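Below: one structure, written as structure tokens.
The values are calculated or read from the model by the stated rules, or taken from the named source; none is laboratory data. Just so we're clear, the structure is a prediction, and the values are computed from it rather than from any experiment. So basically every Cβ, Gly included, is an ideal-geometry build from the backbone, and we count neighbours across all protein chains shown. Quick note on the areas: whole protein, heavy atoms, side chains included, nothing else; ligands and nucleic acids left out. Shrake-Rupley method; radii C 1.70, N 1.55, O 1.52, S 1.80 Å.
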Amino acid sequence: LAAGRHQPSARPPTSAINLVPSTVRAASQRAMLPPRIGASRPATRSWATRTAAAAAATAAALLARVPCADGRLLRHAADVERGLATPHEPSAPKSYAVTRVRTIPHEGTPWTQGLEFADDGNLVETSGDFPFGTGSYVRLVDPDTGMTLRRISDGLERPIFIEGLSAMGGRWYASTYEDHVALEYDSNFNFVKKHPFPWQGWGLTHSPDRKTFLATNSSEYLLTLEPDSFNLLSMKPATCLGHRVPGLNELEMVDDFMGQGPALLGNVIETRVVLVLDPVTAACTGAFHLHGLEPERSDEQQGNHVANGIAYNKQSGTFWVTGKNWDSMFEVSLSEDSTTAFDPRELSLAENEALADGLEGSALDMLERHLLRNADA
């Protein structure tokens with residue numbers, strides 16, 4: 001996906017390649033793994049196959065940066081792998097409890113890919129072209145009633161499949177799935193132009209200083225991208241509880257999360273878990289889950305009807321959440337969760353399955369069971 005756009009004219013020197021940790025070098029090899037269920041959008045290729053391809057492309061782009069950065073970009077990671085440096089150990093992540101405040105209709109049951117608040121207080125939602133033939137679009141939503149105030153399809157001729165959405169510098173930008181373009185709109189959502197976007201598009205948001213974009217591409221990596229060009233500036237793996245976390249989907253930047261400073265929120269594909277990340281390190285600082293809101297369906301582990309879409313209301317301090325083809329949108333508040341945590345590594349497989357089926361434990365429990373199941377698959 002990205003290698004052709006970022007490949008340097010000369011192969012990186014061997015010494016530079018050796019700076020890449022083996023976990024990154026192995027990304028291209030993972031493309032040969034058998035497919036695993038789950039998808040950002042229905043397609044013939046499985047989510048795991050696309051994840052492996054995205055990881056390989058991201059690793060290739062990272063390798064392409066090494067000569068330009070003289071290897072400094074990766075030196076610390078390599079030193080950690082060789083035992084010459086100690087990785088920063090963040091404090092233990094917290095689980096947060098979700099309280100429903102209000103429910104409104106999810107008019108038209110869109111295939112939600114991005115969700116934000118505009119300056120005028122209305123919600124902005126992007127919907128991908130699914131069911132196929134419905135077309136991708138952006139819509140403005142009245143958060144009091146759920147009614148669609150305006151629907152925009154300019155720049156979204158089929159087969160373009162819109163994904164994440166973010167505002168920067170008075171403009172709105174949206175990524176696309178495999179169309180390799182980003183769409184730019186002005187503050188009134190008049191279409192401006194298309195930009196090259198050399199990534200598989202999943203989540204998109206801005207950095208805390210609003211000078212760069214943060215994006216995901218189905219792999220475990222959080223990408224920092226230049227505005228306008230969307231070229232790669234840096235990348236880091238999203239981690240939680242000692243695991244790398246692939247499949248972060250819709251993203252939301254919160255300037256001050258629970259009085260703890262900036263935080264990046266992301267839906268985890270195939271789950272109803274929302275991860276809270278330090279936007280600088282991509283290490284998780286917490287999590288919450290969206291069980292008990294929209295009725296659940298058996299096909300959610302195949303990527304259908306999944307939770308997707310998080311918008312923070314600065315005025316009220318609450319969040320709006322929804323999902324792909326959900327019937328409703330929910331305003332929720334968060335508080336620290338006192339639920340007793342389980343350690344899945346201390347339980348039998350049967351006990352873990354029972355916990356998963358019963359949705360017991362905290363959001364972090366649910367996340368770790370999900371990651372352990374995927375690691376064993």
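Does the stretch 161-231 come out rounded, prolate or oblate by the C-alpha gyration tensor, with a ≥ b ≥ c the root eigenvalues, rounded set by a/c under 1.5 and, if not, prolate when a/b is larger than b/c and oblate if not? Before the final figure, lay out the partial values.
Details: a/c = 1.84, a/b = 1.23, b/c = 1.50.
Oblate.
Compute the projected area of the convex hull of the Cα atoms of the stretch 222-308, averaged over all viewing directions, and report it in nm² to one decimal place. Before the final figure, lay out the partial values.
Numbers: hull surface 27.4 nm².
Result: 6.9 nm².
³J(HN,Hα) across the stretch 134-141 via Karplus (A = 6.51, B = -1.76, C = 1.60, θ = phi - 60°), whole Hz, x for Gly/Pro?
For the stretch 134-141, the Karplus curve yields 6, x, 7, 7, 10, 9, 9, 10 Hz.
Output ³J(HN,Hα) for the stretch 242-256: one whole-Hz value per residue in order, computed from phi by the Karplus curve 6.51 cos²θ - 1.76 cosθ + 1.60 with θ = phi - 60°, and x for Gly and Pro.
These are the phi-based 3J(HN,Hα) values: x, 10, 7, 10, x, x, 5, 9, 4, 10, 9, 8, 10, 4, 9 Hz.
Using a 10 Å cut-off on Cβ atoms, rank the peptides 301-311, 135-145 from the highest mean neighbour count down. Don't jump to the answer; show the numbers that get you there.
Numbers: 301-311: 22.8, 135-145: 18.7.
In descending order of packing, they fall as 301-311, 135-145.
For the stretch 160-174, what does the Karplus curve 6.51 cos²θ - 1.76 cosθ + 1.60, with θ = phi - 60°, yield as ³J(HN,Hα) per residue in whole Hz, taken in order and with x for Gly and Pro?
4, 10, 6, 10, x, 9, 7, 9, 7, x, x, 10, 10, 10, 10
Could you grab the relative contact order for the stretch 224-290? Cα pairs under 8 Å, six or more apart, rounded to a whole percent. All intermediate terms of the calculation are to be shown ahead of the outcome.
Values: 109 pairs, mean separation 15.5, N = 67.
Relative contact order here is 23 percent.
Which lysines, on any chain, are close to residue 193 with Cα under 21 Å apart, when same-chain ones fewer than 8 places away are left out?
Filter leaves 211.
Assuming a ≥ b ≥ c are the square roots of the Cα gyration tensor eigenvalues, decide whether the stretch 101-176 counts as rounded (a/c under 1.5), prolate (otherwise, with a/b larger than b/c) or oblate. Present the calculation step by step, with values, prior to reporting the outcome.
Details: a/c = 2.05, a/b = 1.21, b/c = 1.70.
Verdict is oblate for the stretch 101-176.
Would you pull out the residues with amide H under 5 Å of residue 328's amide H, same chain only if 5 or more places away, H placed 1.01 Å from N?
106
Compute the distance from the alpha-carbon center of the stretch 90-138 to that of the stretch 141-184, in whole Å.
For the stretch 90-138 versus the stretch 141-184, the Cα centre distance is 12 Å.
Provide the packing ranking of 108-117, 232-241, 219-228, 256-265, i.e. peptides ordered by the mean count of other C-beta atoms within 10 Å per residue, highest first.
108-117, 219-228, 232-241, 256-265
If I ignore ligands, DNA and RNA and count only protein heavy atoms, how much of residue 102 is accessible to a 1.4 Å probe, in Å² to the nearest 10?
80
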